[in-house]
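The values are calculated or read from the model by the stated rules, or taken from the named source; none is laboratory data. Treat the numbers as computed from the prediction; the structure is a model and nothing was measured. Please note: Cβ atoms are built from the backbone with ideal geometry, for glycine as well, and neighbour counts cover all protein chains shown. Side chains are part of the model used for accessible areas, which takes the heavy atoms of the whole protein and leaves out ligands, DNA and RNA. Shrake-Rupley method; radii C 1.70, N 1.55, O 1.52, S 1.80 Å.
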Amino acid sequence: MSLGSSANRTNVDQSSPRSAEQLTSLLGRWDDGPGSLHRRLTDAVAELIETGVLRSGERLPPERRMAAALSVARGTVVRSYSSLAEAGLVDRIQGSGTRVVGDSEPLGSPDATRSNGLFARHGAAIDLRMAMPSMLRATSDAVDRVRFDGIDATTLADTEPAGLFALRERIAAHLSRQGLPTTAWQILVTSGAQQAIVLAIAALVDPGDVVLVEGVTWPGLTDAIAQRGGRAHGVDLDEEGVRPDALEDAIRRLRPAAIGLNPHHQNPTGSRMSTSRRREVAELAAGYRVPIIEDRALAHLAFDGQVATPLAQHAPQHLVVDSINKVAWPGLRIGWLRADADLIERLRPVRAMIDLYSPIHSQLAAIEVLRDWDAIVAERVDGLRRASDLAVDALGASLPSWRFVRPRGGLVLWAEVPGGGAAAFCDHAARHGVLIAPGKQFGVEAPFDDDHVRIPFTVPEPLLIEGIDRLAAAWQSFERTTTAYPVAAVV
Ligand SMILES: Cc1ncc(COP(=O)(O)O)c(C=O)c1O
């Protein structure tokens, strides 16, 4: 990996250094591979700087603390920081520590997160970075029925942090219908699956703890772990989800506090855990007393109608995270955490601290959405199946060298870019008027693989087709520059 320029990085507040635990978590398996320890550490930190995870102006942890967090000699960190300084990636200023180069401007210190790249603004290009389903006729009909008549403004029961009781009951019935008997007391209504993930991590993970996750995964999960001071460790996955042998090996070696999985039409790989593997993974984790946080946000988007039952069916200690957002409409922002009633009770004040409770209008809308669930799922799945077929056909016709598995559900297609350099290709594609996310953005630990891109098929169909046309045009000129270079070098 090259130690490249720092030209396009965002600036951040430099007042307080990133904690050694957070940086350790972002570095992941930095010490795997050949070469001296200080060289590997240098390369791993350089990669975080080059991919924008560590930003201009950000201060690195003091050497002594970093050495303690990484369990290496202080001299290893000193040499590594010096190499980064020689490469022009950091400044070392007497008395104020080590800082990623570039001018800093105070932005209220928003920590760099992996999700950042997905939300960054960009001009008028076709934006295929976010997997954001549109509003549906059936959702709009359900929301139209919302009335405030049932709300008793005199009791303040509506300000309950765990959610309206009528909604908790409906969600409990929804889960019971999926094969997991549940009571309203086991449900905490949240602002989407994302908030449920953050709360579950807050409940189960202490700073320094390891959390096992799929080797590439939704950055909202790994960001939540890093924010908590935990360390996400990626486990190998194949088309059926995480590999049980790899999971067991990691549990034994790392003694994780929790396992976070999104096993259904996984974001970003699209893999779907088979029924037999679901049982195996659920029982394996339970045998080691490690709770699984099962993210079901994409579970219902099954093109063949096969919605898997929750892992907690096999071992009740596992948690469920879910939402109506991907099926009905993300703007409703209603999700939930299902856990044992004591844990839900403990999380009520934590949730209240974040945002008190979910908007009542959205909670009432969620009750209506769950009433019409099957019709709404049918409309959503129909549209996504069609869009996925369109994307598969267009990619097959215009980018025949790219490899991918036809999605069985979900919102995205995970394509392997021949020859690697996926992140550079995404930059190149932006100049051709189309934005896509490189696979690196979903990597859990450095060094990140750079051979995939993620293509959501949630934009309107004409934009999807035009976007793929632009990708194909970008690929032609990208292939030309990358193949021309080695030939010229040989000559
Ligand atoms: C796997 C996964 N989990 C959770 C979320 C967040 O879901 P919600 O919109 O319900 O907060 C997403 C969003 O894309 C996701 O892909």
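Points worth noting:
- In region 181-262, the GluC sites (Glu not before Pro) that fall in loop regions by DSSP, at most 15 other Cβ within 10 Å: Glu239
- The chain, helix-only ellipticity at 222 nm - DSSP H runs n ≥ 4, -39,500 (n - 2.57), divided by all residues, nearest 500: -13500 deg cm²/dmol
- A simple spin-label model places pseudo-atoms 7 Å from Cα toward Cβ; at Ala173 and Ala157 they are separated by 1.6 nm.
- Relative contact order of region 20-100, pairs being alpha-carbon contacts under 8 Å that are 6 or more residues apart, as %: 33
- Using alpha-carbon coordinates, inclination of helix 341-355 to the longest axis of the chain, degrees: 60
- Å² of accessible area per residue within region 338-396, as computed with a 1.4 Å probe and no ligands counted: 46
- In the context of the full set of protein chains, region 39-87 has a per residue accessible area of 38 Å² (1.4 Å probe).
- Vicinal HN-Hα couplings computed from phi for region 448-458 (Karplus, 6.51 cos²θ - 1.76 cosθ + 1.60; Hz; Gly/Pro x): 7, 5, 10, 10, 10, 10, 10, 10, x, 10, 9
- Calculated FRET value between Leu356 and Ala73, using beta carbons and R₀ = 41 Å, to 0.05: 0.30
- Region 282-423, relative contact order in percent, only Cα pairs under 8 angstrom and at least six apart counted: 22
- Here the Kirkwood formula, the inverse mean of 1/r across different C-alpha pairs, assigns region 47-104 a hydrodynamic radius of 11.6 Å.
- Around the Cα centre of region 208-344, unit charges on the Cβ atoms of Lys, Arg, Asp and Glu (plus for the first two, minus for the last two) sum to a dipole of about 280 debye.
- The Stokes-Einstein estimate for region 147-279, based on a Kirkwood radius over Cα pairs and taken at 10 °C with 1.306 mPa s viscosity, is a diffusion coefficient of 94 µm²/s.
- Förster radius 30 Å - calculated FRET efficiency between Thr275 and Asp449 (Cβ-Cβ, nearest 0.05): 0.55
- Integer Hz, Karplus 6.51/-1.76/1.60 couplings in order for region 254-267, x for Gly and Pro: 10, 6, x, 7, 6, 10, x, 10, 10, x, 10, 6, 3, 9
- Among the protein heavy atoms of region 137-372, carbon and sulfur supply 52% of the accessible surface, probe 1.4 Å, non-protein parts ignored.
- For a label point 7 Å along the Cα-to-beta-carbon line of Asp32, residues of region 278-298 with backbone N under 18 Å: none
- Helix 422-431 and the longest principal axis of the Cα set of the chain meet at an angle near 80°.
- Charging the Cβ of each Asp and Glu at -1 and of each Lys and Arg at +1, and nothing else, the dipole of region 20-100 about its Cα centre rounds to 280 debye.
- Rel. contact order, % - alpha carbon contacts under 8 angstrom, at least six apart, the chain: 18
- Note on region 431-480: dipole from Cβ charges, positive end direction compared against Gln476, Gly439, Thr458; the farthest Cα belongs to Gln476.
- The label point for Met130 and the one for Arg243, both projected 7 Å from the Cα toward the Cβ, are 3.6 nm apart.
- Exposure ranking of Arg296, Arg231 by accessible area [1.4 Å probe, largest first]: Arg231, Arg296
- Near Gly260, the amide H atoms lying under 5 Å from its own belong to Leu212, Val213, Ile293; only residues 5 or more places off or on other chains count, and H is placed 1.01 Å from N.
- Antiparallel DSSP beta bridges within the chain, as percent of all bridges there, nearest 5: 60
- Charge dipole of region 348-491 (Cα centre as origin; +1 on each Lys and Arg Cβ, -1 on each Asp and Glu Cβ, all else neutral): 160 debye, rounded to the nearest 20.
- Taking amide H atoms as placed 1.01 Å from N in the peptide plane, the amide H of Gly409 lies under 5 Å from those of Phe303, each 5 or more residues away in sequence or on another chain.
- Hz values of 3J(HN,Hα) by residue in region 231-247 - Karplus curve (6.51, -1.76, 1.60), Gly and Pro given as x: 10, 7, 10, x, 10, 4, 10, 10, 5, 9, x, 4, 7, x, 5, 5, 5
- The angle between the Cα long axis of helix 192-204 and the main principal axis of the chain comes to about 70°, on a 0 to 90 degree scale.
- Accessible area (Å², 1.4 Å probe, nearest 10) - Thr159: 50
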